[in-house]
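Worksheet: one structure, shown below.
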Amino acid sequence: MQRVYFDHSATTPVRPEVFEEMQKYLTDYFGNPTSLHYFGRVVRKAIEEAREKVARAIGAQPNEIVFTSGGTESDNMAIHGVAMINKNRGNHIITSAVEHHAVLNTVKSLSKQGFTITILPVDKHGMVDVDDLANAITDKTILVTIMHANNEMGTIQPIKELAALAKSKGITFHTDAVQTLGKIPVDVNELGVDLLTISGHKIYGPKGIGALYIRKGTRWRQSLFHGGAQEKLRRSGTENVPGIVAMGKACELAVQELDQEPAYLKGLRDKLIKEVMDRIPHTRVTGHPTMRLPNHASFTFEFIEGESMLLSLDMKGFAASSGSACTSGSLEPSHVLLSMGIPHELAHGSIRITLGRDNKPEDIDSFMEVMPPIVERLRAMSPLDQENEFAIESDCVSCKASDTCQRQV
Ligand SMILES: Cc1ncc(COP(=O)(O)O)c(C=O)c1O
């Protein structure tokens with residue numbers, strides 16, 4: 001069976017160019033970068049070259065980049081490091097309801113250590129309001145952490161405005177840019193952020209490597225790892241050299257291709273959204289209509305379970321996801337969809353399709369051959385559909401622009 005991968009926000013395949021660059025650091029160049037001999041010096045040089053590439057990709061200076069094990073560690077390190085050094089100045093942290101669990105669970109753990117957390121709401125498109133941030137700031141606020149774009153519904157936040165507001169009050173600003181690098185421009189100076197998280201496996205690099213940007217002069221203290229003096233005392237532990245080299249190459253390629261790839265993905269994404277909305281009734285697009293990632297389409301299908309759709313799609317060879325990759329497996333609907341005001345029943349019927357550089361228009365065509373019959377079959381079996389038969393007919397008139405139709409085209 002031919003398989004089509006539509007889950008690039010969960011992870012991406014390693015690009016051949018990236019693999020080629022990293023593999024010799026698994027075999028030939030195996031030295032410990034801390035060693036003073038030739039074997040160590042070769043890999044130390046490779047790490048510093050990779051650091052330059054990562055820095056260049058986001059408009060930073062190389063010494064502002066710390067390599068980590070991925071997005072989760074970078075988020076933890078950013079938030080914890082700012083909280084710990086500033087705790088005598090203030091104990092208030094602001095974040096948003098749609099953050100990844102790497103942020104939400106980190107602030108939750110800090111709330112047990114005397115920090116007060118404000119979680120900003122989002123509107124129906126998943127967008128944070130700058131006025132809500134202004135109203136939440138107090139003289140105890142030390143950190144604002146709001147993601148650049150959301151992994152589940154693709155909405156891009158107004159980071160420049162949010163960061164400018166925080167900075168005008170002298171508050172440190174962190175953003176999780178795991179989903180945006182390579183999809184939209186990510187420039188730390190343009191965005192005005194102090195700390196920024198990125199991850200290798202979302203940009204055609206390997207899993208287990210990421211980076212944290214820390215603007216020079218930011219009040220931040222390494223407080224999670226205790227060990228050696230690697231990464232200029234900012235992250236102890238022998239460096240993941242192949243991963244770091246791969247991260248450098250993946251960042252270089254992602255930025256080189258920014259002027260073509262996102263436009264290509266957006267074309268595919270718009271075709272997919274149009275066809276789903278034209279051909280499958282009782283369906284909504286979730287997320288912002290325009291301020292969204294170019295490769296990202298997410299939907300709710302009334303009267304069916306996202307998991308049943310995923311399994312049926314998988315049996316036909318299509319890999320998609322429901323909600324966040326990290327929370328699927330749980331029966332709870334996604335916290336992101338619920339925070340956008342989407343009712344429980346609808347949130348359960350959500351799927352996310354995230355396109356990548358290897359997807360072709362024909363993949364959308366073959367998806368549209370299987371998806372409408374899957375939805376029809378699952379709805380026919382669904383007790384929810386039977387209960388709502390009357391409502392479908394009278395309220396929505398098969399979604400032909402009735403006032404009550406909430407589809408968001
Ligand atoms: C927005 C966001 N932040 C953080 C992470 C975690 O990154 P990693 O898998 O590299 O730990 C993810 C992964 O899904 C993500 O989408």
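Just so you know, all these numbers are worked out from the coordinates, no wet-lab data involved. No experiment lies behind these values; they were computed from the predicted model shown. So basically every Cβ, Gly included, is an ideal-geometry build from the backbone, and we count neighbours across all protein chains shown.
What the table shows:
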read-out: Nearest-0.05 FRET efficiency for MET315 and ASP187, computed from C-beta distance (R0 45 Å); value: 0.55
read-out: Spin-label proximity, LYS87 to the range 120-149 - amide N less than 12 Å from point 7 Å beyond Cα toward beta carbon; value: none
read-out: Nearest-0.05 FRET efficiency for ARG221 and LYS271, computed from C-beta distance (R0 41 Å); value: 0.25
read-out: 5 Å-binned pair-distance histogram of the range 224-295 (Cα, whole percent); value: 3, 12, 13, 13, 11, 9, 9, 11, 9, 5, 4, 1
read-out: Among the listed pairs LYS45/LYS249; LYS207/LYS249; LYS24/LYS45; LYS108/LYS169; LYS87/LYS216; LYS124/LYS167, those beyond 18 Å (Cα-Cα); value: LYS108/LYS169; LYS87/LYS216; LYS124/LYS167
read-out: Potential lengthening between ASP123 and GLU49 on full extension [0.36 nm per residue; Cα-Cα distance subtracted]; value: 22.4 nm
read-out: Vicinal HN-Hα couplings computed from phi for the range 137-144 (Karplus, 6.51 cos²θ - 1.76 cosθ + 1.60; Hz; Gly/Pro x); value: 5, 10, 6, 9, 6, 10, 8, 10
read-out: On Cα atoms only, tilt of 241-256 relative to the major axis of the chain in degrees; value: 60
read-out: Spin-label pair LYS160/GLU307, simplified geometry with 7 Å Cα→Cβ offset, distance in nm; value: 4.3
read-out: Computed over the chain, Cα set: Rg, Dmax in Å; value: 22.3, 78
read-out: For the chain, calculated [θ]222 nm from helices alone, where every DSSP H run of n ≥ 4 adds -39500 (n - 2.57); value: -12000 deg cm²/dmol
read-out: Fully extended contour minus Cα-Cα distance, from GLU369 to ARG279, at 0.36 nm per residue; value: 31.3 nm
read-out: Principal-axis tilt of helix 71-86 within the chain, Cα atoms, nearest 10 degrees; value: 60
read-out: Within straight-line cross-link reach of LYS360, lysines at Cα separation under 23 Å, skipping those fewer than 8 residues along the same chain; value: LYS183, LYS202, LYS266, LYS271, LYS274, LYS316
read-out: Nearby aspartates and glutamates by direct alpha-carbon distance to LYS232 (threshold 18 angstrom, same-chain neighbours under 8 apart not counted); value: GLU48, GLU49, GLU52, GLU64, GLU73
read-out: Using alpha-carbon coordinates, inclination of helix 306-315 to the longest axis of the chain, degrees; value: 90
